[in-house]
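Heads up: the structure comes next, in C-alpha cells.
The values are calculated or read from the model by the stated rules, or taken from the named source; none is laboratory data. No experiment lies behind these values; they were computed from the predicted model shown. Cβ sites come from the backbone with ideal geometry, for glycine too, and all protein chains shown count toward neighbours. Remember, those area values only see protein heavy atoms, side chains included, never the ligands or the DNA or RNA. Shrake-Rupley method; radii C 1.70, N 1.55, O 1.52, S 1.80 Å.
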Amino acid sequence: MTMRRIVVVGNGIAGQTACEALRGAGFDGELTVVGSERHRPYSRPALSKALLHGDDDGNVAGWVRAHQLPEPAHGAAELLGVSASGLDADARLVMLDDGSRLPYDGLVIASGARPKQLPGTPDDAANVLTLRTLEDAGALKRRVSGRPSVIVVGGGPLGMEVASGCLHAGCDVTLVSDARPLSKQLGHHLAGIFTTAALARGLKLAGGGPARLLEGSKNPDGGARVALADGIILEADLVAVAIGDQPNTGWLANSGLLVDGTLRADSRGRVRPDVVAAGDVAFIPTRQGLRRVPLWTSAIDQAKAAAVGLLLGDAAPELDVQPYFWTEGFGLSLKVLGPTPVIGEPAYCEPGQENGSLLMRWADSVNGGTAAAINYRIPIPKLRRLARSGPVADGSRTVAAHR
Ligand SMILES: Cc1cc2nc3c(=O)[nH]c(=O)nc-3n(C[C@H](O)[C@H](O)[C@H](O)COP(=O)(O)OP(=O)(O)OC[C@H]3O[C@@H](n4cnc5c(N)ncnc54)[C@H](O)[C@@H]3O)c2cc1C
C-alpha cells in the first residue's frame, strides 16, 4: 500500500535514525514521532561515561545541550513527554496516554528498554538507583558527589562504568558480580585487563550469586542492604543496580504482535508488512539466532534497515548486524569489533605507542574474527578490516591490516 502517514514510537537513537532513514529513502508524507522523554534524543552511552566521570557540578541542563544529538532534519511532528499506551494493529491506531489516537499507514516501534530491578526493590527506595535516562544520570551524579559508600550490583559493561565513575568521584565502591566482571560479555582475556585496572584503582569485588535487596530505605540518609546468595549481607549508603534491561513492550500487550511476550522482527525489521521494529525493543535474526542486540550502533543499523523495510518490503536489503561495542572505565577505553565473548588469548597482539595501549585479534572460523583496541587510536573502518582479514604480511614483518 502507499504510505502517507508513518508513526514512530520512541524518540531514542532508533526512532530518530528511522525518521532520518525514511526521509532519506524518499518518504515525504506525514511523519510523527512519539517519545516518553521530554528531551530531544541524546547520547545515552555518554551517561555512564562523560556525564558520570565528568568533573562538572552535575548541571544536567548544560550537559544535555552538550550531548544532544545533531538537530534532526526529518521534519517530523514531535510529540515529546507523551507515551504510546496501546496499539490496535488491525485498525492501524496508536493510543496515547493523553487520550488521543494516532492513525497510521506504517508504524515503527522503537520504544527501547528499561532497567531490570533487583528483586525486593520497592518503588520508593531512595537509596537504590538505576541508570537509563538523563534524569537517572543526574540523580546518580548528585548522590555520588557526596562520596557515599556504594554497592554496584552487576558486572556487565554498565555496572563497571558506574563503578568506575563512583571511584572517580572518591566513593568507596564494592561491585557485586556472579562472574568475573565483563567476562560474560567480552571473555576472560579482555575482562582480566579491566578487572586488573579496576582493582588497582580501589574497586572491591564481591561474588556470591544473584543478589537481593534486603532494605532500601525511603530516607536518603538511611542506606541500603543487599543479600548475596551465599548468605553474605552488604551494606552501603547507596546501591546502583545494573543487572540488564527489559524491552518496553507493555503498550503492545493487547496488540497481538507479541510472541511469548517478545517483539520479533525479520531480517528487514518487519513485524508485519505495515509494522517494523528496531533497537533495544526488538528481537532480530543474528548469526547466533533470534536475539536482542541492545547496543547503540546496532540500534542505528536496525533502524535504517527497518525504515527501508517498511517502505520497500521484500525489495529492501536485509540487515547484516556487524557487532561493534565500546566501553570506558578505570583509565581504559576499549573498542571491539566482531562477535564476543572472545575465547582464549588473542592470536595477534600489538602494543601501541601509548603506555598500555594494545591492538588485538581473535580468529574464529565459525563467526569471523574479532578485533579489540585498548587505549589504541584506530578508526573504526580499520578496526573492522583487522577483524575481518587479520594482520597482513609486509616484507619481513607481520603488521596489522590497518596499516
Ligand atoms: C547508561 C548507558 C550506557 C550505554 N553505553 C553503551 C555503550 O557504550 N555502547 C553501546 O553500544 N551501547 C550502550 N548502551 C546501550 C545503548 O544506549 C542502547 O542500545 C540504545 O540507546 C538503544 O536505542 P533505542 O532507541 O532502541 O532505545 P532507547 O534509547 O531506550 O530509546 C527508546 C525511547 O523510547 C521511549 N519510549 C519507551 N516506551 C515508550 C512509549 N510507550 N511511548 C513513547 N515512547 C516510549 C523511551 O523513553 C526512550 O526515550 C548504553 C545504555 C545505557 C543506559
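I'd like to verify a number: residues in region 2-22 that are surrounded by fewer than 18 Cβ atoms within 10 Å (Cβ to Cβ) and not in a strand (DSSP E or B), how many?
Applying the first criterion (surrounded by fewer than 18 Cβ atoms within 10 Å (Cβ to Cβ)) to region 2-22 yields 2-5.
When the remaining residues are screened for being not in a strand (DSSP E or B), the result is 2-4.
So the count comes out to 3.
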Hey, can you tell me all the residues within region 125-172 that are open to solvent by 10 Å² or more (accessible area, probe 1.4 Å), under 26 Å from Gly209 (Cα atoms), within 12 Å of the ligand (Cβ to nearest atom) and of a type in the set (Val, Ile, Thr)?
-> Thr130
Quick count over region 280-304, residues being within 13 Å of the ligand (Cβ to nearest atom), touching a Leu at 6+ places or on another chain (Cβ under 9 Å) and over 21 Å from Gly250 (Cβ atoms), is 2
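Could you go through region 322-339 and let me know if any residue there is farther than 16 Å from Leu186 by Cα and either in contact with a Cys (Cβ under 7 Å, 6 or more places away or on another chain) or within 13 Å of the ligand (Cβ to nearest atom) (or both). Lay out the reasoning, then the answer.
Step one: of region 322-339, the residues farther than 16 Å from Leu186 by Cα are 330-331.
Keeping just the survivors that are either in contact with a Cys (Cβ under 7 Å, 6 or more places away or on another chain) or within 13 Å of the ligand (Cβ to nearest atom) (or both) gives none.
Looking for residues that are farther than 16 Å from Leu186 by Cα and either in contact with a Cys (Cβ under 7 Å, 6 or more places away or on another chain) or within 13 Å of the ligand (Cβ to nearest atom) (or both), one finds none in region 322-339, hence no.
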All strands (runs of 3 or more DSSP E) inside region 259-306 with 1 or more residues being under 20 Å from the mean Cα position of the chain (by Cα) | 275-277, 284-286, 289-291
